[in-house]
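This report refers to the structure that appears directly beneath it.
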Amino acid sequence: MPQSEKEMHWHNEKTLVELQETTTTYDFGGDSTLPPPPRLTEKQEKKLYRKIDARLMPILALLYLLSFIDRGKFLFGVLSVHNIIFLVKATSACAYVYEQGNAKLQGLVTQLGLTGNQYNIALTMYSIPYCIFECPANLVLKKFKPSRWLPGITILWGVVVTLMGIVRTFPQLVGVRICLGVAEAGLFPGVIYYLSIWYPRYKLQYRIGLFFGAASVAGALSGLLAFGISHMNGVGGLQGWSWIFILEGILTVLAGILALLGELKDFELYVRMDDDSLLVMVDFPATAGFLTPEERSYVIWKKKYDNSSVGEEEHFEMRHFWAAAGDWQVWLHILIFMSVIAPLNGITLFLPSIINSFGYSTPISQLLTVPPFVFATIVLYIFAYLSDKMKMRSPFVLAGLVMCAFGFAINISNVPHGVKYFGTFFVVAGSYSAFPGVVAWLGNNLAGQYKRGIGMALHIGIGNFSGAFASNIYRSRDAPRYIVGHGIELMFVGIGFICVPIAILSYIRINNKRDALEKAREGSGEPSKFTAADLRRLGDRAPDFRYTL
């Protein structure tokens, strides 16, 4: 036995054994095939989850990074290779292009002969299927297993990106953009749902932060990579924008194959579908070969009783869809999501314009786009860590909204450029740091694996429409103050200031009501009216469930 395993000092606690015996008829996550869960100290538990982090997070961050690099290259490709002066960045909701003030869109636009609003139509044709197919994608993730589904869609969108490099007409461009939106729709909500299966709800936001923050930082490399590839202009009779799509599409396909087939060991390729020990992409805790049986049992037990005394439902029924679609908190959180994602998308698109208006040279302008994102990443990690430690989401979502409001108020004002640049730090940091909390908050408050998966897909899918909207509100004729754009962003932030307190007060009221009912029942000595099956069926509406604030 390895020394690291000997140091775990596994021993069973009577309370854990008794708890397991009360639900022996209900298998959760394959726990019936595993030994009883061990009792771990806080230090041992942290060590276990760091081990899980080291296995899960790198491949997930890589796939997410490739997703928004591929997405961003469409906007990169429309620029003349002689006019590209800024980095291209993108997140799961939009792509951002940093271009010279009056540079004309050329390259892809000229070669395909796009006229009028055809470019905007092609851009929009990605967002619509991306938002629509996020929910169905989450439904099939567990059916096909993450180790097959996530790498599979990665290979698919890599092929689509490669084909985008050889399109020659507007209809072809629209077609591949639609296919790209469909293929990529399953990644971000799928990964969030996947992480919610592995991690307890008060360890979730930090992992979402690692995933989202790491990909955002690494995204800075995409512009440098694209700039280098653009110098292949004319090679093989293809323009630089074509090579950007072709080469990065091939890179995406290779990454998907790596995640799907597994690691190279002793120069031979091993694939073991019954045990994840040799797979780069891991499925679920019960089949995680890199964990010992005792470790698997503990992870499943920790999640099983994370928000319920009897575990939660795992098997899909149509009522799970209607339960999620009809849940008041899903729709309230969609508005909260919009209040964060709209500023996130809008300010990142606007940031190059405001810096360019300062009159700095191209290299200095490029450097000045970096500090706000570095600051945002630091704040994101701090917020994520403290949120999990305090077991609260709303204070950090509100803090992010306050930072956004402060930053937008500065930028809509008639103040010196230096002050406006200072304000962008607050907008970028506020929106980026609040985003993982918004996603984790709803995930914490939905019980039942399929209801959670559907609810989070609706949350992200519908909420992302505000991101597409925000990317079109900054008009060049409104420069340099962009009163319309900043005003609309402040409107979205205001929606958050209304909806977050409503969510907090609603959760407090429901929690207090359930506490009072439980106290009254215990005082009267009456047995519970609900069976274990009833409580699992009720999910987050069960009397023993408490909402996270």
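The values are calculated or read from the model by the stated rules, or taken from the named source; none is laboratory data. Here the structure is a predicted model, which is why all the values come from computation and not from measurement. Virtual Cβ from ideal backbone geometry, glycine too; neighbours counted across all protein chains shown. Ligands, DNA and RNA are excluded from the accessible area calculation, which covers all protein heavy atoms including side chains. Shrake-Rupley method; radii C 1.70, N 1.55, O 1.52, S 1.80 Å.
Here are the numbers for this structure:
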item: Given Lys391/Lys519; Lys46/Lys519; Lys142/Lys389; Lys51/Lys391; Lys303/Lys389, the pairs whose alpha carbons are separated by over 26 Å; result: Lys46/Lys519; Lys142/Lys389
item: Linear extension gain, Thr33 paired with Glu522, 0.36 nm per residue minus alpha-carbon span; result: 172.6 nm
item: Whole-number percent relative contact order across the stretch 116-198, with pairs defined as alpha carbons under 8 Å at least 6 apart; result: 50
item: Phe170, Phe212, Phe530, reordered so the largest accessible area comes first (probe 1.4 Å); result: Phe530, Phe170, Phe212
item: Burial ranking of peptide ranges 415-425, 290-300 (average Cβ count within 10 Å, highest at the top); result: 290-300, 415-425
item: Global form of the stretch 114-171, assessed from the alpha-carbon gyration tensor, a/c cut-off 1.5; result: oblate
item: Cα-based shape type of the stretch 446-544, given that a ≥ b ≥ c are square roots of the gyration tensor eigenvalues and the cut on a/c is 1.5; result: oblate
item: HN-Hα J in Hz across the stretch 435-441 - Karplus 6.51, -1.76, 1.60, θ = phi - 60°, x for Gly and Pro; result: 4, x, x, 4, 5, 5, 4
item: Segment Asn472-Gln172, length gained on full extension (0.36 nm per residue, minus Cα span); result: 105.6 nm
item: Residue-normalised accessible area of the stretch 388-448, given per residue in Å² at a 1.4 Å probe; result: 29
item: Most to least packed among 533-541, 402-410 [average Cβ atoms within 10 Å]; result: 402-410, 533-541
item: Cα centroid separation, the stretch 459-528 to the stretch 143-208 (Å); result: 26
item: Peptide ranges 380-390, 319-329 listed from the most packed, as the mean C-beta count within 10 angstrom indicates; result: 380-390, 319-329
item: Entries of Lys47/Lys304; Lys203/Lys529; Lys145/Lys451 with Cα pairs more than 27 Å apart; result: Lys203/Lys529
item: Shape of the stretch 390-522, Cα gyration tensor, a/c cut at 1.5; result: prolate
item: Whole-percent carbon and sulfur share, accessible surface of the stretch 463-526, 1.4 Å; result: 62
item: Vicinal HN-Hα couplings computed from phi for the stretch 125-142 (Karplus, 6.51 cos²θ - 1.76 cosθ + 1.60; Hz; Gly/Pro x); result: 5, 7, 5, 5, x, 4, 6, 5, 8, 5, 5, x, 4, 5, 5, 8, 4, 6
